[in-house]
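Report on one structure; see the data block that follows.
Where a number appears in this text, it was derived from the coordinates with a stated rule and is not lab data. Keep in mind the model is a prediction, meaning the values are calculated, not measured. Cβ placement follows ideal geometry from the backbone for every residue including glycine, while neighbour counts extend to all protein chains displayed.
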Amino acid sequence: MTSGDGDRDATDLATDLAALVERARGLVARTAAAGGGRAVLGITGAPGAGKTTLVARLVAELAEHPPDGAAADWVAHVPMDGYHLADAQLDRLGLRHRKGAPETFDAAGYAAMLERVRTDTTETVYAPGFERDLEQPIAAALAVPPSARLVITEGNYLLLDEPAWRRVRAAMDEVWYCDLDEQTRLERLVARHVAFGKEPDAAALWVDRVDQANAALVAATRARADLVVTTPA
C-alpha cells in the first residue's frame, strides 16, 4: 500500500486524464507482479466534488483500452453508496436525520466486500447498489466478474481515521482525493438534491445542516490521499 501527501502529489483531471489512466493501469501491473489478485483503487472527496465524474471517465478509458489478453470488463466499479443503511435501520437507530454521515453506512460490510474483491478471482462477487430515486440500497445490484483485474470504488469516507474505515483503507492499493472549489461544489450539491426530489429551500437546508458537516470530516482526510485530483468546474 502507498501512503502519500496529497499536497505534494497532485494532478488536474482536465489536463491529465491520460496520466491518471496510466497510474491506474500501473496498480494492476504492481498487483500482478506481487503475486496476483486484483488491484483496488479508491476515489474519495467531499459530497459534490466530482468523484462520480472522475470514475466514469476512468472506467470508460480503461475499458476501451484493456491490457493484452483482457476484455472490456477487466475494470469494474463498485461504489460505497450501496452500503448506506436502509431507512428502516436508520429509523431503528434514530439516525434518519443524519443520513449520509459515516455512522449511517455499513462500513464493516463494505470493508469485507473489498477484501473479498481483492482475493476472490474465481467467483462473481456481488455487491449492493444504491437507487437514487428511492434513496435506498439495492441488494446484489452490482457484479465484479472473475475477469476483472481492477476495481474502482468511490465514497466520502475512504480515508476516515476510525477503526471500521481504517479497515476499508487497508483493502485499497491507492486512494485519490477529488478537489473542487467550494462554491461550485455547493451549487452542484444543492442541484443534485433538487434533481432527486427535494424542494430548493429544503435542499439548501440539508446541504447546510448535514452535508457540510460530512464535508468537513472528508476535507480533514485530504492529506492522507495518495493523489489529489483537481476536478473541473
Tell me, in nm to one decimal, what length is gained between ARG192 and ALA170 on full extension, where the rule is 0.36 nm per residue of separation less the Cα-Cα distance? 4.8 nm
Hey, if you drop one equal point scatterer on each alpha-carbon of the stretch 68-146 and run the Debye formula without solvent, what base-10 log of I(q)/I(0) do you get at q = 0.13, 0.26 Å⁻¹? -0.45, -1.24
Taking amide H positions as placed in the peptide plane 1.01 Å from N, state which residues far from VAL228 in sequence (5 or more) or on other chains have amide H under 5 Å from it. ASP9, ALA10, THR11, TYR177
Please find the FRET efficiency linking ALA56 to VAL210, where r is the Cβ-Cβ separation and R0 is fixed at 25 Å, and quote it to the nearest 0.05. 0.50
Counting other Cβ atoms within 10 Å of each Cβ, which chymotrypsin sites (Phe, Trp or Tyr not before Pro) in the stretch 140-205 have at most 14 and sit in a DSSP loop? PHE196
Which of ILE138, ILE43, ILE152 has the fewest other C-beta atoms within 10 Å, and how do the rest follow up to the most? ILE138, ILE152, ILE43
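Just to check, using Stokes-Einstein with a Kirkwood Rh over alpha carbon pairs, what's the diffusion coefficient of the stretch 107-233 at 25 °C and 0.890 mPa s in µm²/s?
Numbers: Rh = 16.5 Å.
Translational D for this selection: 148 µm²/s.
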Using C-alpha positions alone, give me the convex hull volume of the chain per residue in cubic angstrom. 121
For a test of the definition: using alpha carbon positions, the gyration tensor, and the 1.5 limit on a/c, classify the stretch 42-174 as rounded, prolate or oblate. prolate
Subtracting the Cα-Cα distance of ALA219 and ALA202 from 0.36 nm times their residue separation yields 3.7 nm
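Per DSSP H run of n ≥ 4, the term is -39500 (n - 2.57); total these for the chain, divide by its residue number, and report the mean residue ellipticity at 222 nm rounded to 500 deg cm²/dmol. If you can, show how the numbers build up before the last one.
Values: 8 runs with 92 residues, N = 233.
Rounded to the nearest 500, it is -12000 deg cm²/dmol.
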Which residues' amide hydrogens lie under 5 Å from the amide hydrogen of VAL125, considering only partners 5 or more residues apart or on another chain, with H built in the peptide plane? VAL144
